[in-house]
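Asks: Below you will find the structure I want to go over with you.
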Amino acid sequence: MIDTKNRLSLRRLAIDTYRENVAYMHRDCPLYRTEGFQALTKLEVRDGHKGILAVLNVVDDTDIVGVEEIALSEQAFAQMSLPEGTRVSIGHAEPPASMEAVLRKLRGERLDADDYQAITRDIADNRYSKIEMAAFVVTSGQTGLDRDEILYLTQAMANTGKRVRWQEPLVTDKHCIGGIPGNRTSMIVVPIVAAHGLLIPKTSSRAITSPAGTADTMEVLANVEIGPKPMRRIVEARRGCMVWGGTANLAPVDDILIAVERPLGMDSLGQMVASILSKKLAAGSTHLIVDIPVGPSAKVRHMREALRLRKLFEYVGDRIGIHIEVIITDGRQPVGRGIGPVLEARDVMQVLENAPEAPVDLREKALRLAGRVIEFDPDVRGGNGYALARDILESGRAARRMGEIIDSQGRREPVPVGKLSFDVKSDSDGMVTEIDNLLLARLARLAGAPMDKGAGVDLCKKLGDEVTRGEVLYRVYAEFPPDLHFARELARQTSGYRIGEAVELPVHTFGL
């Protein structure tokens with residue numbers, strides 16, 4: 001209970017704390033001493049019926065916050081929506097009731113639907129600190145979620161934000177689980193499918209552990225931070241879009257948890273399924289293609305794990321009303337040549353524009369995935385989707401539709417590749433027999449991707465290519481000298497390429 005006498009003057013502090021409410025109080029503030037506050041204490045800041053919860057940071061500089069003031073970070077101040085100088089009440093915040101469920105999960109217990117609804121509701125209401133959210137993320141990843149828990153978490157996350165309902169019986173989408181650098185097939189699939197006439201409102205998350213996600217790469221070309229109403233207008237006009245799900249307020253708890261998962265480098269399978277399907281459910285999808293790449297350095301490394309994951313997607317999809325088809329694809333190497341937003345956007349546009357230098361593997365994979373989506377159309381005979389997708393691409397209709405989508409979302413000025421670079425060369429003659437996806441993704445991230453759009457890795461050689469000693473395998477781009485240095489040091493330890501004989505090349509056993 002807040003004592004109404006515990007009042008301080010509200011102040012806005014221009015600090016972006018990224019999806020966490022933070023309050024700042026001077027160490028000599030009378031309330032700091034009398035109320036027993038400490039750094040990282042959770043406070044309730046209230047004015048009448050309006051209030052927020054925030055994590056306390058303690059300040060020793062009166063230029064930042066005075067002894068009679070409470071300062072709020074950008075997000076927290078916006079949520080209070082009060083003018084600076086307003087007298088607000090300060091008190092201890094009650095711990096979120098749902099933390100008890102997190103502790104039970106930490107002990108290895110199974111949680112029910114009500115538990116996940118309570119957890120996601122408290123997270124959405126900013127009742128969890130990032131430390132508490134990290135506890136939930138880590139324990140869910142370590143103890144695991146069974147298929148019903150994944151279903152409950154999916155439904156709970158979808159219920160925390162807006163739900164888009166399209167006035168059409170068939171709303172398509174395509175999603176890759178990630179783990180393969182450069183795999184920007186969605187940016188080719190969407191304009192092809194939209195040009196065919198099917199509805200495909202593509203909402204994407206930003207990268208968690210990869211050098212770029214679809215939203216990061218599309219942002220090179222167009223604005224992706226688009227709210228629900230403008231998104232609906234774009235989709236109704238163009239039959240498709242590619243936007244960041246965070247701005248559209250679709251399953252916002254998913255984006256909050258991703259902000260915690262990113263620095264932890266965590267992306268457990270159960271949370272991944274819930275993350276993907278909660279976004280699709282909130283976006284109003286009825287039919288979904290899921291791409292699961294499998295390879296020795298992919299996110300999924302064995303066929304048995306891919307089959308288990310396929311069953312999870314199908315189980316949850318069936319119960320939330322989304323028809324899901326899972327396609328297991330070749331994940332032995334990056335798709336396309338570029339790794340990083342600008343380089344991947346270049347590859348995408350080369351494919352859409354039918355450029356001679358367009359990456360063949362990216363083009364073929366995108367066409368086959370687009371063909372499978374087109375086959376959701378009841379007027380298309382099974383097996384004819386690929387030919388239809390190829391015709392749409394080769395005729396230029398896909399490129400025109402992509403241009404229309406970009407213009408509708410807001411075209412961006414071109415972004416150059418990083419101004420600094422170095423080459424990694426082969427130390428022997430032979431054939432490329434293995435490429436380490438994880439190593440190349442890490443190199444691109446060290447170089448600055450995805451935050452620096454022009455940073456990344458540009459591949460010159462792929463699996464099966466002949467190389468000679470001293471020939472360039474790939475080029476690394478960075479914007480800043482420290483990033484270039486870190487990437488160079490990693491590349492000196494290992495290139496991520498194995499050069500050997502043709503007989504060492506692993507056999508490709510997947511459908512795409």
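The values are calculated or read from the model by the stated rules, or taken from the named source; none is laboratory data. Being a predicted model, the structure only gives us computed values, none of them experimental. Methodologically, a virtual Cβ is constructed for each residue, glycine included, from the backbone with ideal geometry; neighbour enumeration extends over all protein chains shown.
Asks: Of the residues that sit in region 270-317 and are among the acidic types (Asp, Glu) and at pLDDT 95 or above, which one is nearest to Gly161 (Cα to Cα)? Give the steps one after another, and end with the answer.
Replies: Initially, region 270-317 is screened for residues among the acidic types (Asp, Glu), giving 291, 305, 314.
Checking the rest, the ones that are also at pLDDT 95 or above come to 291, 314.
Values: Asp291: 26, Glu314: 24 Å.
Checked region 270-317; the qualifying residue nearest to Gly161 (Cα to Cα) is Glu314.
Asks: Is it the case that region 404-412 has a residue that's at pLDDT below 95 and either within 28 Å of the chain's Cα centre (by Cα) or surrounded by fewer than 21 Cβ atoms within 10 Å (Cβ to Cβ) (or both)?
Replies: Of all residues in region 404-412, those at pLDDT below 95 come to none.
Taking every residue of region 404-412 in turn, none turns out to be at pLDDT below 95 and either within 28 Å of the chain's Cα centre (by Cα) or surrounded by fewer than 21 Cβ atoms within 10 Å (Cβ to Cβ) (or both).
Asks: Which condition number does Ala478 fail, the rest of (1) at negative phi; (2) out of contact with any His (no Cβ under 9 Å at 6 or more places or on another chain) being met?
Replies: It is condition (2) that Ala478 fails.
Asks: Quickly run through region 438-465 and pick out the residues that are modelled with pLDDT under 95 and closer than 16 Å to Arg488 by Cβ.
Replies: none
Asks: Sort out which residues of region 248-259 are at positive phi and either in contact with a strand residue (DSSP E or B) (Cβ under 7 Å, 6 or more places away or on another chain) or modelled with pLDDT of 80 or more (or both), and write them in order of number.
Replies: Applying the first criterion (at positive phi) to region 248-259 yields 249, 251.
The answer is Ala251, and nothing else.
Asks: Could you figure out which of (1) surrounded by fewer than 21 Cβ atoms within 10 Å (Cβ to Cβ); (2) on the phi < 0 side of the Ramachandran plot isn't true of Gly245?
Replies: It fails just one condition, (1).
Asks: Right, something else. Only residues that are of a type outside the set (Val, Ile, Thr) and either buried (at least 20 other Cβ atoms within 10 Å of the Cβ) or assigned to a strand (DSSP E or B) (or both): list them for region 70-92, please.
Replies: First, pick out the residues of region 70-92 that are of a type outside the set (Val, Ile, Thr): 71-85, 87, 89, 91-92.
Selection gives Ala71, Leu72, Ser73, Ala76, Phe77, Met80, Arg87, Ser89, Gly91, His92.
Asks: Condition first: of a type in the set (A, V, I, L, M) and at pLDDT below 95. Now tell me which residues in region 104-115 satisfy that.
Replies: Within region 104-115, the first condition is being of a type in the set (A, V, I, L, M), and the residues that meet it are 106, 111, 113.
Answer for region 104-115, where residues must be of a type in the set (A, V, I, L, M) and at pLDDT below 95: just Leu106.
Asks: Let me ask something else about it. Between residues in region 15-35 that are outside the structural domain of Glu261 (by TED's automatic domain parsing) and closer than 21 Å to Ile123 by Cβ and residues that are buried (at least 17 other Cβ atoms within 10 Å of the Cβ) and acidic (Asp, Glu), which pairs lie under 8 Å by C-beta distance while being six or more apart or on different chains?
Replies: Sorted first by the residue in region 15-35, then by its partner, the pairs are Arg19/Asp255.
Asks: Hey, another quick one. Any idea which of (1) within 18 Å of Tyr24 (Cβ to Cβ); (2) out of contact with any His (no Cβ under 6 Å at 6 or more places or on another chain); (3) surrounded by fewer than 20 Cβ atoms within 10 Å (Cβ to Cβ) is the one Val67 doesn't satisfy?
Replies: Val67 satisfies every listed condition except (2).
Asks: Can you name the residue in region 12-36 that is in a loop (DSSP other than H, G, I, E, B) and of a type in the set (A, V, I, L, M) and is also surrounded by the most Cβ atoms within 10 Å (Cβ to Cβ) among such residues?
Replies: Restricting attention to region 12-36, the residues satisfying the condition of being in a loop (DSSP other than H, G, I, E, B) are 13-21, 27-29, 35-36.
Then keep just the ones that are of a type in the set (A, V, I, L, M); that gives 13-15.
Working: Leu13: 20, Ala14: 8, Ile15: 17.
Filtering first and then ranking leaves Leu13.
Asks: Being surrounded by 16 or more Cβ atoms within 10 Å (Cβ to Cβ), over 16 Å from Ser426 (Cβ atoms) and either in contact with a Leu (Cβ under 8 Å, 6 or more places away or on another chain) or of a type outside the set (Phe, Trp, Tyr) (or both) narrows it down to one residue among Leu446, Leu440, Leu459; which is it? Give the steps one after another, and end with the answer.
Replies: Numbers: Leu440 fails: over 16 Å from Ser426 (Cβ atoms); Leu459 fails: over 16 Å from Ser426 (Cβ atoms).
Checking each option against the conditions leaves just Leu446.
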